[in-house]
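Below: one structure, written as structure tokens.
Computed from the coordinates by the stated procedures, all read-outs in this text should not be read as laboratory data. The structure presented is a predicted model; accordingly, all values stated were derived computationally and were not measured. Ideal geometry is used to build each Cβ from the backbone, glycine not excepted, and the neighbour counts take in all protein chains shown.
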């Protein structure tokens, strides 16, 4: 089997400005932050970002890298609204497509299955149709004749996700309580880069947890990046929880100051600065 391991910088070097980029995880939970930080150190911009948003979106928005965002929310979980995202939205920094969480999920499923759309009942009776006038409806061809929202496929050029363990071929394993749809992000994208806490031998994966934890299959993965503490400051259960103290620092520090203090160097510099800050 092919060895797909690479450093974060190589994974980011394979991306380009103008791409549609999916980012896995959920809010401030198991986000591929080491890859996001590597992306911030690059010159890549003009991105369409697809994410159940957290600090990944906040940082990219604050840095002016987003042209369009497709999301159901952007939150830090224990801090309900991501402050750097809010600041970017208030100044009209990018275009926003905001859809229901279930609609987002079915958009991922449609893309993963190479379908143009999937019909859902979610969206009716809310403002989602009003704020997204491009959404269309579809009528069942069967006797029921029911009308559904036709959620378009969320196809992506590339996806970034973070898991607890992976092998060199791209099989990825989550050990926490929730997969956060990371497998769908990988399947819905043309290329996918998986960072992990630790690379292990394939046989070791079956000892870590039951087969259903082997969420990500190697055929959907382009590159594997070993990134210990790579989800920081978001959680990566059971390896570590969210760094609430550092998250508060992030949320209350003006972006230019945070960027200069924590993102000016490489990943090792960031990890050292984050430890010193808390």
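Taking all Cα pairs closer than 8 Å and separated by 6 or more residues, the relative contact order of the chain comes to 21 percent.
Legend: calculated FRET efficiency, residue 143 to residue 113, from the Cβ-Cβ distance at R0 = 30 Å, rounded to 0.05, equals 0.75.
Among beta bridges from DSSP that stay inside the chain, the antiparallel ones total about 30%.
How much FRET efficiency would the formula 1/(1 + (r/R0)^6) give for residue 63 and residue 278, where r is the Cβ-Cβ distance and R0 is 30 Å, rounded to 0.05?
Values: r = 23 Å, r/R0 = 0.75.
E(calc), rounded to 0.05, equals 0.85.
Viscosity 1.567 mPa s, temperature 4 °C: Stokes-Einstein D of the range 219-275 from its Kirkwood Cα radius, in µm² per second? Display every interim value, and only then the final one.
On the way: Rh = 12.8 Å.
Taking Rh from Cα pairs, D becomes 101 µm²/s.
At 7 Å along Cα-to-Cβ for each site, give me the label-to-label distance between residue 190 and residue 237 in nm. Label at residue 190, label at residue 237, 3.7 nm between them. Among 98, 197, 143, the largest mean-square fluctuation in a Gaussian network model of the chain (Cα springs under 10 Å) belongs to 143.
With a ≥ b ≥ c taken as the square roots of the eigenvalues of the C-alpha gyration tensor of the chain, please select rounded if a/c is under 1.5 and otherwise prolate if a/b is larger than b/c or oblate if it is not? Oblate, because a/c is 1.5 or more while a/b does not exceed b/c. Per residue of the chain, the DSSP helices (runs of n ≥ 4 H) give a summed -39500 (n - 2.57) that works out to -8500 deg cm²/dmol at 222 nm.
Would you please put 125-136, 1-12 in order of how densely packed they are, using the mean number of other Cβ atoms within 10 angstrom per residue and starting with the highest? Numbers along the way, then the final one.
Numbers: 125-136: 11.6, 1-12: 16.5.
Highest mean packing first, the order is 1-12, 125-136.
Beta bridges assigned by DSSP with both partners in the range 1-85 are antiparallel in approximately 10 percent of cases.
Here's the picture: a label point sits 7 Å out from the Cα of residue 204 along the beta-carbon direction, and within the range 1-41 the residues with their amide nitrogen under 15 Å of it are 5. Each part reduced to its alpha carbon centroid, the range 130-180 and the range 70-113 end up 14 Å apart.
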